[in-house]
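Every read-out reported here was derived from the displayed coordinates using simple, explicitly stated rules and does not represent laboratory data. None of the values given here were measured: they were computed from a predicted structure. Cβ: placed from backbone, ideal geometry, glycine included. Neighbour counts: every protein chain shown.
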Amino acid sequence: MTSTLATTDLRKAFGGVTALDGATVEFQHGKVNALIGPNGSGKTTFFNCVTGMIKPDSGTVTYDGRDITGKAPHTIARHGMGRTFQLCRTFPRMTALENVLAAVPVGGLLAGLRGAKRRSEIDRAISWLTRLGIEHLAGSEARDMSWGQQKLLELAGVLMSEPETVLLDEPAGGVNPALLDRIGLLVRELNAEGRTFVIVEHNMDLVMSISDHIVVFDRGRPIASGPPSVIRTDEKVLGAYLGV
Ligand code: ADP
């Protein structure tokens, strides 16, 4: 099986603080992958490096075998990788529908689209809102939606670009239990349709129930990887979480 997203000896320091300390990681195509680890273990920095938000000091990032190290976020997105953010990026004063349309690189050009093309982009946006169960909020401003609904809205925007790999940064953070179940189901459904996921998440119930493969970070590098059944009982993992 080919790897979709892989890093070799990735390093990043902020001043004197080492965030990534030689992270060599491989995520497989077609799987729901999770990246877990204690606070400060480098997960967000890893996401930022592989999506081009920050440049690593050294090491390589490849996507489907192509070197994407240090490339700009929009270039990496064009290769088929989309991501959401821990603190959810939506435009508060725009409606849900406008948000989803604005999320696509061509979204800003929508005003220039006419007739059938314009209609089809709007239809696509509505179908993603429907798929994520928030179509009834299409005309509501993002700021009037709950936190969980905004997270789904951000995901709808990411899905508009039809990414083959979706990186989710804490999809469960601050989300109520009902929406949490929906997010878990959606990830599995979208994965069954062929999308690869890489998810940073603190909610262990969710991680253990939806992941095929888990990578555990501690102090800027992986200390374990494998299916949930292996990770659950790994002594190094338990030690990292207990701080011993
Ligand atoms: P995680 O996502 O696992 O909580 P982070 O990648 O956010 O970990 O952080 C890893 C380490 O790098 C932490 O010690 C954090 O304080 C530090 N760090 C992350 N980003 C910055 C930054 N922009 N400036 C300084 N230190 C940072």
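Structure notes:
- Gain on full stretching of the segment that runs from residue 238 to residue 180 - 0.36 nm per residue minus C-alpha separation: 18.4 nm
- Rh (Kirkwood; distinct C-alpha pairs) - segment 124-244, Å: 15.7 Å
- Whole-angstrom gap from segment 1-45 to segment 200-244, using each part's C-alpha centre: 13 Å
- Taking the chain and dividing mean pair separation by its residue count, relative contact order in percent (alpha carbons under 8 Å, at least six apart): 27 percent
- Residue 223-residue 136 pseudo-label distance in nm [points 7 Å out on the Cα-to-Cβ vector]: 4.5 nm
- Residues residue 188 and residue 9, FRET efficiency given R0 of 25 Å [Cβ-Cβ distance, rounded to 0.05]: 0.15
- On Cα atoms only, tilt of 177-192 relative to the major axis of the chain in degrees: 90 degrees
- Modelled this way, with points 7 Å down the Cα-to-C-beta line, the labels at residue 64 and residue 202 are 3.5 nm from one another.
- Sites residue 118 and residue 147 - FRET efficiency at Förster radius 30 Å, r taken between beta-carbons, to 0.05: 0.45
- Here segment 56-100 is treated as an ellipsoid with the same Cα gyration tensor; its semi-axes, largest first and in whole Å, are 29, 12, 8.
- Across the chain, the fraction of Cα-Cα pairs farther apart than 31 Å, rounded to a whole number, is 23%.
- When both bridge partners sit in the chain, DSSP labels roughly 60% of those beta bridges antiparallel.
- Volume per residue that the Cα convex hull of segment 189-244 spans, once the total is divided by residue count, Å³: 88 Å³
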